[in-house]
Every structure is written in C-alpha cells, then in structure tokens.
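As structure tokens, the structure follows; a few thoughts come after it.
The values are calculated or read from the model by the stated rules, or taken from the named source; none is laboratory data. None of these values were measured; they are calculated from a predicted model. In this analysis, Cβ positions are derived from the backbone assuming ideal geometry, glycine residues included, and neighbour counts consider all displayed protein chains. The accessibility values were calculated without ligands, DNA or RNA, using every heavy atom of the protein model including side chains. Shrake-Rupley method; radii C 1.70, N 1.55, O 1.52, S 1.80 Å.
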Amino acid sequence: MSGYERELEHFMDGLRKLNPHEDEFHQAVEEVASSVMPWYLQHEDFRKAQILERLTEPDRIVIFRVSWETDHGEIRANRAWRVQFNHSLGPYKGGMRFDPSVTQSTLKFLAFEQIFKNSLTGLPMGGAKGGSNFNPKGKSEREVMRFCQSLMTELHRHIGEDVDVPAGDIGVGAREISYLFGQYMRLENRWSGVLTGKGLASGGSAIRTEATGYGCVYFCEHVLNEHGEGLEGKLVSISGSGNVALYAAQKAMIKRAKVVTMSDSAGFVWIPAGMQQEHWEFLKDLKENRRGRIGEMADRFDGVDYYDGKKPWHVECDVAMPCATQNELDGEDAKALVGHGVLAVCEGANMPTTREAAEVFRKHGVLHVPGKASNAGGVAVSGLEQSQNAMRVSWSREKVDHRLQAIMTEIHDRCVEFGKRNGRVNYMDGANLAGFEKVAKAMLAYGVV
Ligand code: GLU
C-alpha cells in the first residue's frame with residue numbers, strides 16, 4: 001500500500017465511522033477523495049486546516065415532518081430534509097427529490113456532489129440538496145399540491161434568494177416547483193428568485209427544462225473531439241425517459257447521432273435503426289402527459305423492441321449516457337459495454353455508475369465523465385435563472401443556450417487542465433480536482449469557520 005492509499009483508507013475509515021449506514025454518501029466521498037488525496041497530501045496548508053475533513057461535514061441538515069391529507073381525508077406523514085452542505089462559493093443551491101427511496105444518505109451524497117458540480121460551472125453557487133420520501137406516483141393533482149404546500153410551510157424559513165435556492169430533481173418538475181413557489185409567496189408576501197425551474201410565466205428561464213440533457217450532449221461532443229472522434233453517426237445508448245434522458249436524446253438526434261435505447265424502471269426499448277422524431281414525440285407525451293410505461297413504444301412502432309426488466313447496457317453502442325438514477329450501471333453492465341467497444345460514458349444522472357463499474361471503465365481506458373461535469377448544465381441554467389430574476393429580465397432561448405454551451409465548454413477545459421495525462425483526459429480526476437480546488441481555496445481564505 002502506498003502512502004496515498006494508506007491516508008485514503010484512514011480517512012475513509014473515519015468517515016464511515018462518523019456516518020454509519022450511509023453507503024451512497026461514502027461512495028460519493030470516496031470518489032472525490034481518491035482523486036484529490038495526492039494533491040491534498042502535497043499541500044500542507046490545506047491539510048493543517050483540515051479542509052477535506054471539514055468539507056465532508058455538512059454545514060447543517062434540517063429534518064422535518066410533512067403532514068398532509070389525502071383526497072379521502074386520510075392523514076399522512078412524510079419525512080423531508082434540506083441538506084445545506086457548503087456555501088463557500090455562494091448561496092446554497094441544489095434540487096429537491098421526491099421519491100420513496102430517498103434517505104438522508106441519498107441527500108447527503110447528492111448535496112456533496114452538488115458542491116463540486118456547482119463549483120465547476122464557475123457560477124457563485126454553494127452545494128445543497130433536499131427532498132422527501134413522498135411518492136408522487138399515483139397521487140392526485142390536489143394531493144401533490146397539499147403535500148408541496150405543507151412542505152414549504154416549514155422549508156420557507158430556511159431558504160431565500162441569498163441563502164438557499166432549491167430547484168427540481170427526480171419527482172419534482174415545474175408542477176411541484178409552482179406549488180412550492182405559490183406557498184412561499186403566500187407565507188412571505190414577496191416575489192423573489194428563491195426557487196429555480198419555475199414555469200416561463202412565473203419567472204423561469206428559457207431552456208431550463210432542456211438544459212441538463214442538452215448540456216450532457218454538448219459535453220460529450222467535446223470529449224469525443226478532444227480524442228479525435230465526433231458524435232455524428234455514433235450509436236448512443238441512453239437510459240431513463242425523464243427530462244434529462246428526453247432532451248439528451250433530442251440533442252443527440254440533432255447532432256446526427258443514432259439514439260438506440262431509452263428506458264424506464266420497468267425495462268428498456270431498443271431501436272437499432274436509431275430514434276426518429278415521431279418516436280421521441282410519442283415518448284415525451286407518454287411520460288409527461290399519460291404517465292405510461294415505455295413498453296407501449298414497441299406496441300406502437302415497428303422496429304422498436306421492448307425488453308422487460310432489463311437494462312440497456314448490453315446492446316452495441318459507442319457512447320453510453322446513463323440518465324436515470326444513482327448506481328443504475330454496475331460492474332457487469334460496464335463489462336458488457338467494454339465488450340462492445342464503448343468509447344465514452346457521459347453521466348446525465350448523479351453517480352449512476354457503481355464503484356465496480358467505474359473501476360472497469362478506468363482499467364479499460366474508457367472516457368468516463370462523472371455527472372458533476374457532464375450533467376452540470378441543469379444547475380448552470382438555474383444559476384442563469386437566478387441572475388435573470390435578480391435583474392428582473394428574461395433572456396431569449398438563443399442567449400441562454402449560448403451561455404449554456406459556453407459553460408459546458410469551460411467545464412470541459414477545466415477537466416482537461418486538471419486531468420490530462422499522456423494525451424488522454426481522466427475526466428474523473430479532472431472534474432474532482434478542478435471542482436475541489438476552488439472550494440478548498442475559498443475555505444482556506446475564510447479561516448476557521
Ligand atoms: N437537481 C439538479 C442537479 O442535480 C438541478 C439542481 C438545480 O438546478 O439547483 O444538478
């Protein structure tokens with residue numbers, strides 16, 4: 001064991017003891033710590049100031065009960081959290097997730113990732129995340145509204161445009177953000193840019209819905225170009241069928257790549273000839289309006305096959321974009337992708353690859369981009385929404401898209417600067433180091449706080 005490995009092991013042992021049963025949080029910290037430890041060991045001033053130890057302890061976590069009533073008058077109680085992890089670079093910023101799988105560990109890992117993602121965007125945003133174990137699936141419109149109002153009745157005292165600015169994530173879209181915002185205004189009697197991802201009529205930004213998916217494709221194009229390849233004609237395998245996946249697919253099609261898969265929690269569809277506009281429109285309507293299962297695509301179209309209970313990683317592709325959720329791509333899936341000669345994996349979701357999968361990609365020299373770099377487009381446009389709200393202006397689609405492209409290019413440049421070795425970029429190390437160094441320097445400058 002090298003000195004670096006020993007230090008890493010020692011640090012991780014301490015973290016695991018301090019945060020028992022929080023596997024996802026351990027995984028996210030280990031990913032960052034593995035990349036930054038050699039740098040950290042060489043920088044005595046940062047070590048003395050215990051920057052890594054302080055940066056892995058959230059500023060605070062607010063935990064609260066959300067009581068609400070079903071349409072049938074039954075009382076329900078859910079648990080909600082806001083993890084305000086680090087605000088060295090700006091007001092806390094990060095989404096809210098509503099899903100029955102949500103635990104404190106999930107939100108700590110997401111808030112931790114958000115610190116470095118937000119740092120990479122170059123915009124003044126700290127890292128936070130929140131959410132609840134509430135399941136919006138199968139709930140009526142009114143039930144969702146009552147839940148959001150009840151949640152905001154507590155959350156409003158912990159947020160503010162200069163304090164903490166939540167947004168959406170899994171299970172929280174424009175509908176939920178609008179209900180949350182409506183209740184915030186009722187309680188505070190003021191309009192402010194306290195939430196992002198708002199509808200266009202209520203101060204939302206153009207391109208916010210598309211931003212994460214578009215940004216992921218812009219980033220992926222840079223990755224391929226940097227290594228002498230292009231996106232045109234490439235087979236792209238996408239998982240998921242939410243916002244991120246849908247708009248990644250749309251932008252990939254515009255860039256003349258062939259989108260060969262999409263998925264949901266029940267299974268995946270394979271479209272060997274590549275997705276067409278009519279497939280995309282059908283899927284968007286299916287997921288956004290009818291809330292149906294992806295298998296319906298195979299009934300509707302020839303040339304679309306559905307695989308129940310399976311993940312999309314075992315069909316041939318050049319680029320994989322996991323855009324569903326954490327740990328959706330495991331070691332076996334990674335080996336299958338490597339077997340098909342995958343060139344690049346650009347994460348649209350947050351931490352969609354397991355430790356084993358990441359190790360397989362590293363060993364085989366696959367260009368593996370962590371979500372904190374390739375999915376930063378969403379929060380970047382949230383940052384632009386904050387600026388527009390503060391200035392009381394609203395920018396055109398073209399202007400926001402232009403800014404988004406520039407930000408994705410800058411993030412790519414940073415990954416190259418911090419991660420290029422022998423002509424190839426290690427995006428994992430590059431993103432972690434670039435994101436970390438900026439936060440660490442700010443923390444050092446603030447003294448012991
Ligand atoms: N939930 C998104 C993310 O993972 C967006 C957060 C935001 O816009 O604040 O980055």
Item to complete: Identify the residue in segment 132-164 that is touching a helix residue (DSSP H, G or I) at 6+ places or on another chain (Cβ under 6 Å) and under 23 Å from residue 109 (Cβ atoms) and, among all such residues, is surrounded by the fewest Cβ atoms within 10 Å (Cβ to Cβ).
Response: 136
Fill in: Hits in segment 381-390 - residues which are open to solvent by 30 Å² or more (accessible area, probe 1.4 Å) and among the β-branched types (Val, Ile, Thr)
none
Worksheet item: Can you tell me which residues in segment 283-305 are touching an Asp or Glu at 6+ places or on another chain (Cβ under 8 Å) and not basic (Lys, Arg)?
Response: 286, 294, 295, 298, 301
Fill in: helices (runs of 4 or more DSSP H) fully within segment 308-380 counting 2 or more residues that are at pLDDT 95 or above and surrounded by fewer than 24 Cβ atoms within 10 Å (Cβ to Cβ)
331-339, 355-363
Response to the item:
Checked against (1) of a type in the set (Phe, Trp, Tyr); (2) open to solvent by less than 10 Å² (accessible area, probe 1.4 Å); (3) within 16 Å of the ligand (Cβ to nearest atom), residue 214 satisfies every condition except (2)
Worksheet item: Name the residues in segment 18-38 that are among the hydrophobic types (A, V, I, L, M, F, W, C) and buried (at least 17 other Cβ atoms within 10 Å of the Cβ), would you?
Response: 25, 28, 29, 32, 33, 36, 37
Worksheet item: Taking segment 37-57, which residues are assigned to a loop (DSSP other than H, G, I, E, B) and out of contact with any helix residue (DSSP H, G or I) (no Cβ under 6 Å at 6 or more places or on another chain)?
Response: 43, 50, 57
Response to the item:
Cβ pairs under 9 Å, 6+ apart or interchain, first in segment 356-380 and farther than 28 Å from residue 92 by Cβ, second part of a helix (DSSP H, G or I) and among the hydroxyl-bearing types (Ser, Thr, Tyr), ordered by first then second residue, are 367/427; 368/427
Discussion item. Take the residues in segment 166-179 that are touching a residue at least 40 places away in the same chain (Cβ under 8 Å) and touching a helix residue (DSSP H, G or I) at 6+ places or on another chain (Cβ under 6 Å); name whichever of them is nearest to the ligand (Cβ to nearest atom).
Written reply: 167
Worksheet item: Are there any pairs, at least 6 apart or on different chains, whose C-beta atoms fall under 8 Å, with the first in segment 433-449 and farther than 16 Å from residue 121 by Cβ and the second assigned to a loop (DSSP other than H, G, I, E, B), and if so, which?
Response: 443/49; 443/88; 444/49; 446/88; 448/49
Worksheet item: How do the pairs read when you match residues in segment 391-403 that are part of a helix (DSSP H, G or I) with residues anywhere that are surrounded by 15 or more Cβ atoms within 10 Å (Cβ to Cβ) and aromatic (Phe, Trp, Tyr), using Cβ under 9 Å and keeping only pairs 6 or more apart or on different chains?
Response: 401/214; 403/395
Discussion item. Among the residues in segment 58-79, are any in a helix (DSSP H, G or I) and either under 30 Å from residue 427 (Cβ atoms) or among the β-branched types (Val, Ile, Thr) (or both)?
Written reply: no
Worksheet entry | All positions within segment 91-140 that are farther than 30 Å from residue 218 by Cα and either part of a helix (DSSP H, G or I) or near the ligand (Cβ under 10 Å from one of its atoms) (or both) | 104, 105
